[in-house]
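Some notes on the structure that comes next.
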Amino acid sequence: MISITADQTIVYPDPENFYSPDERFPEYRYAHISTKTNPVYRAVRNCFAQADLDRKHLGQASWNPLGDFIQPDTRVFVLCNFVFHRVADESAEDFAAKCIHGAVLRALVDYLLLAVGENGSVAFGNAPMQFCHWESVLRDTGAQVVEKFYQSNGVPVKAKDLRLFVGEKNWYGAIKKIERRNEADGVAVDLAADSLLVDLDRNPVTPYRVMNYNPARTQGFHAQGSHTYIINRHILEAGAIVSLPKLKTHEKVGITCALKGFVGAVAHKDSLPHHRYGPPTNGGDEYPSDRTGLLRMASALHDRVQQVTPDLTTGNLLRVADRMVHKVLEPVGPVTEGAWWGNDTAWRMVLDLARIATYASATGEMQTLPLRKHLILVDGIIGGEGQGPLFPEAVHSGSLLFSDNLLAVDYACASLMGLDPGCLPLIREALKLSKYPLMEHQLENEWVIYNSRSIPISELISLASYHYKPPLGWKGKYRQPER
């Protein structure tokens, strides 16, 4: 089931009214009503209503649309896209293309609270990038306003930072502060031979890497038949995960919607292999080519720098030098760090995480049947094109997508962005999964409700009024499907 509302005139409301609705809907349980229009709340509600959720109670105080999926007393975690706080030269629109907006979060949580009842719980958050300032990203997205609203009404909805290692650095790249958190909040899940990375394992294995972390730790998680991810326990202890991603391009996997969002469930980011060292000619997928050899030397320097503890002055001096080298070499190698269509590592890591979030127990053992429900509400009111996930440009899409299937909604997102889902390994290979699959039925049988009109998912691409601009490393690889 996929329900889409699209209206390019929709804009995000200001936070001064807590993103409350401007109309007292029958099911709305709070006293506060916005004094200004809030088209986002109404659009979220319409997205649920047009899907005929709890149809017999629509228009009544007892309407509980998400109760069709989430039972009372359930523990729900809303996994938001809080990738990074707003930086100094970033416009408000481009930031809105990067992170989800509090107005969408507020409406979603209101309806989740109806579903879980008095004895259930709802929390929201994710594990953003290592150097993301948590309080800033909550403020910048408006999520802080949402949390304060529930606190003022005696409802224990809390924001949770899922990272176990957090750093703070200055503009030059020197680390000012690090924080190591309680390791008991991390759960190790070893997929071993069931990891999609096993197809890349060689003897010797080309080193897996994630930038700005010690590569030795990453290789320790992914070596000698082991493929281990450290997941925050709040994810695995949830009975339902509700993903709240952006409609956005991604330089490593093409798009970042529901599936890619599970990177935000990982407590230790150095357990995430983003690419393999070097170009394809050397067994890697870090960049397409390196005719001069400069990229390989710069990458080796980066690895060496990350192995020096950030607590030492020497480490910071090396980090500043590393940043300067990276800036100087940008014209030589504009596509680096696995940010291109030939990255054969990142999509495998993403699908590993999505399957973990579906099948892993609270203690990290994979089960035969799914253990938790997934719902997805994609915030595409302002989408992001170009150099996502960190530097997207705003696209006024005016879209919200709601679904109960991770893979189907990503297929729909790609179509709505005007690109062929089949050109994305993240989607194409997910459709082939036999063990720990992410879809129980054939995608061809999926129907989409688009502004109250029901159509096969295969026809959704024809409604794309705008084709999103690809990241630099994906030029020529985003294509419109043949008709």
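Taking the criterion of being closer than 27 Å to Trp340 by Cα and of a type in the set (D, E, K, R), the residues of the range 368-406 that qualify are Asp379, Glu385, Glu393.
Can you find even one residue in the range 337-355 that is at positive phi, buried (at least 20 other Cβ atoms within 10 Å of the Cβ) and either touching a residue at least 12 places away in the same chain (Cβ under 8 Å) or out of contact with any Phe, Trp or Tyr (no Cβ under 8 Å at 6 or more places or on another chain) (or both)? I'd like the intermediate steps shown before the answer.
At the first step, the residues of the range 337-355 found to be at positive phi are 337-338.
Imposing the further condition that a residue be buried (at least 20 other Cβ atoms within 10 Å of the Cβ) reduces the set to 337-338.
If we keep only those that are either touching a residue at least 12 places away in the same chain (Cβ under 8 Å) or out of contact with any Phe, Trp or Tyr (no Cβ under 8 Å at 6 or more places or on another chain) (or both) too, we end up with 337-338.
Yes, the range 337-355 contains a residue that is at positive phi, buried (at least 20 other Cβ atoms within 10 Å of the Cβ) and either touching a residue at least 12 places away in the same chain (Cβ under 8 Å) or out of contact with any Phe, Trp or Tyr (no Cβ under 8 Å at 6 or more places or on another chain) (or both).
Here the range 180-221 is the region considered, the condition is being at pLDDT 90 or above and among the acidic types (Asp, Glu), and the residue that is farthest from Arg319 (Cα to Cα) is Asp194.
So if I check each of Arg217, Arg209, Arg202, which one is buried (at least 24 other Cβ atoms within 10 Å of the Cβ) and of a type outside the set (A, V, I, L, M, F, W, C)?
Arg209
For the range 409-445, what are the residues that are of a type in the set (A, V, I, L, M, F, W, C), modelled with pLDDT of 95 or more and buried (at least 24 other Cβ atoms within 10 Å of the Cβ)? Before the answer, list the steps.
Within the range 409-445, the subset of a type in the set (A, V, I, L, M, F, W, C) is 409, 412-414, 416-417, 419, 423-424, 426-427, 430-431, 433, 438-439, 443.
If we keep only those that are modelled with pLDDT of 95 or more as well, we get 409, 412-414, 416-417, 424, 426-427, 430-431, 433, 438.
Answer for the range 409-445, where residues must be of a type in the set (A, V, I, L, M, F, W, C), modelled with pLDDT of 95 or more and buried (at least 24 other Cβ atoms within 10 Å of the Cβ): Val409, Ala412, Cys413, Ala414, Leu416, Met417, Leu424, Leu426, Ile427, Ala430.
Any idea which residue in the range 59-86 is farthest from Ser403 (Cα to Cα), counting only those that are of a type in the set (A, V, I, L, M) and either touching a helix residue (DSSP H, G or I) at 6+ places or on another chain (Cβ under 6 Å) or buried (at least 19 other Cβ atoms within 10 Å of the Cβ) (or both)? Among them, the one singled out is Val83. Assess whether Val166 counts as being crowded, with 19+ Cβ neighbours inside 10 Å and over 16 Å from Arg348 (Cα atoms). So Val166 fits the description; yes.
Does the range 389-410 contain any residue that is among the charged types (D, E, K, R), free of Cβ contacts under 8 Å to residues at least 12 places away in the same chain and assigned to a helix (DSSP H, G or I)?
First pass over the range 389-410, keeping only residues among the charged types (D, E, K, R): 393, 404, 410.
If we keep only those that are free of Cβ contacts under 8 Å to residues at least 12 places away in the same chain as well, we get none.
There is no residue in the range 389-410 that is among the charged types (D, E, K, R), free of Cβ contacts under 8 Å to residues at least 12 places away in the same chain and assigned to a helix (DSSP H, G or I).
Looking at the range 450-462, can you tell me whether even one residue there is modelled with pLDDT of 95 or more, among the hydrophobic types (A, V, I, L, M, F, W, C), under 29 Å from Ala238 (Cα atoms) and surrounded by 14 or more Cβ atoms within 10 Å (Cβ to Cβ)? Among the residues of the range 450-462, not one is modelled with pLDDT of 95 or more, among the hydrophobic types (A, V, I, L, M, F, W, C), under 29 Å from Ala238 (Cα atoms) and surrounded by 14 or more Cβ atoms within 10 Å (Cβ to Cβ), which makes the answer no. Has the range 39-58 got any residue that is outside any helix (DSSP H, G or I), of a type in the set (Phe, Trp, Tyr) and in contact (Cβ under 8 Å) with a residue 60 or more places away in the chain? No, the range 39-58 contains no residue that is outside any helix (DSSP H, G or I), of a type in the set (Phe, Trp, Tyr) and in contact (Cβ under 8 Å) with a residue 60 or more places away in the chain.
Taken over the range 144-163, the criterion of being surrounded by fewer than 19 Cβ atoms within 10 Å (Cβ to Cβ), of a type outside the set (D, E, K, R) and not in a helix (DSSP H, G or I) is satisfied by Asn153, Gly154, Val155, Pro156. Of the residues contained in the range 171-184, none is found to be under 22 Å from Lys435 (Cβ atoms), over 21 Å from the mean Cα position of the chain (by Cα) and surrounded by 18 or more Cβ atoms within 10 Å (Cβ to Cβ). The condition of being assigned to a strand (DSSP E or B) and more than 16 Å from the chain's Cα centre (by Cα) holds for only one of Thr218, Thr228, Thr249, Thr281, that being Thr228. The single condition among (1) touching a His at 6+ places or on another chain (Cβ under 9 Å); (2) free of Cβ contacts under 8 Å to residues at least 12 places away in the same chain that His441 does not meet is (1).
Of the residues screened, Ala321 is one that is surrounded by fewer than 22 Cβ atoms within 10 Å (Cβ to Cβ) and either touching a strand residue (DSSP E or B) at 6+ places or on another chain (Cβ under 6 Å) or free of Cβ contacts under 8 Å to residues at least 24 places away in the same chain (or both).
Kindly evaluate Pro21 against the criterion of being closer than 28 Å to Lys260 by Cβ, surrounded by 14 or more Cβ atoms within 10 Å (Cβ to Cβ) and of a type outside the set (Val, Ile, Thr). Judged against the criteria, Pro21 is not a match.
Mind checking whether some residue in the range 26-40 is of a type in the set (A, V, I, L, M), in contact with a His (Cβ under 9 Å, 6 or more places away or on another chain), buried (at least 20 other Cβ atoms within 10 Å of the Cβ) and modelled with pLDDT of 95 or more? First the steps, then the outcome.
Quick first cut of the range 26-40, residues of a type in the set (A, V, I, L, M) only: 31, 33, 40.
Filter once more, keeping what is in contact with a His (Cβ under 9 Å, 6 or more places away or on another chain): 40.
Subset that is buried (at least 20 other Cβ atoms within 10 Å of the Cβ): 40.
Then drop every residue that is not modelled with pLDDT of 95 or more, which leaves 40.
Yes.
Looking at the range 185-196, which of the residues that are assigned to a helix (DSSP H, G or I) and surrounded by fewer than 19 Cβ atoms within 10 Å (Cβ to Cβ) is nearest to the chain's Cα centre (by Cα)? Filtering the range 185-196 for residues that are assigned to a helix (DSSP H, G or I) and surrounded by fewer than 19 Cβ atoms within 10 Å (Cβ to Cβ), the one nearest to the chain's Cα centre (by Cα) comes out as Asp185. Quick one: would you say Ala240 is of a type in the set (A, V, I, L, M), surrounded by fewer than 15 Cβ atoms within 10 Å (Cβ to Cβ) and in contact (Cβ under 8 Å) with a residue 12 or more places away in the chain? No: the conditions fail for Ala240. Scanning the range 102-143 for residues being outside any helix (DSSP H, G or I) and touching a residue at least 24 places away in the same chain (Cβ under 8 Å) gives a total of 17. Say whether the condition of being in contact (Cβ under 8 Å) with a residue 60 or more places away in the chain, under 25 Å from Tyr359 (Cα atoms), in contact with a helix residue (DSSP H, G or I) (Cβ under 6 Å, 6 or more places away or on another chain) and part of a strand (DSSP E or B) is met by at least one residue in the range 255-271. Within the range 255-271 (the criterion being in contact (Cβ under 8 Å) with a residue 60 or more places away in the chain, under 25 Å from Tyr359 (Cα atoms), in contact with a helix residue (DSSP H, G or I) (Cβ under 6 Å, 6 or more places away or on another chain) and part of a strand (DSSP E or B)), the answer is yes, since at least one residue qualifies.
The values are calculated or read from the model by the stated rules, or taken from the named source; none is laboratory data. This one's a predicted model, so the numbers in the text were calculated from it and none came from an experiment. Using ideal geometry, Cβ is built from the backbone for each residue, glycine included, and neighbour counts are taken over all protein chains shown.
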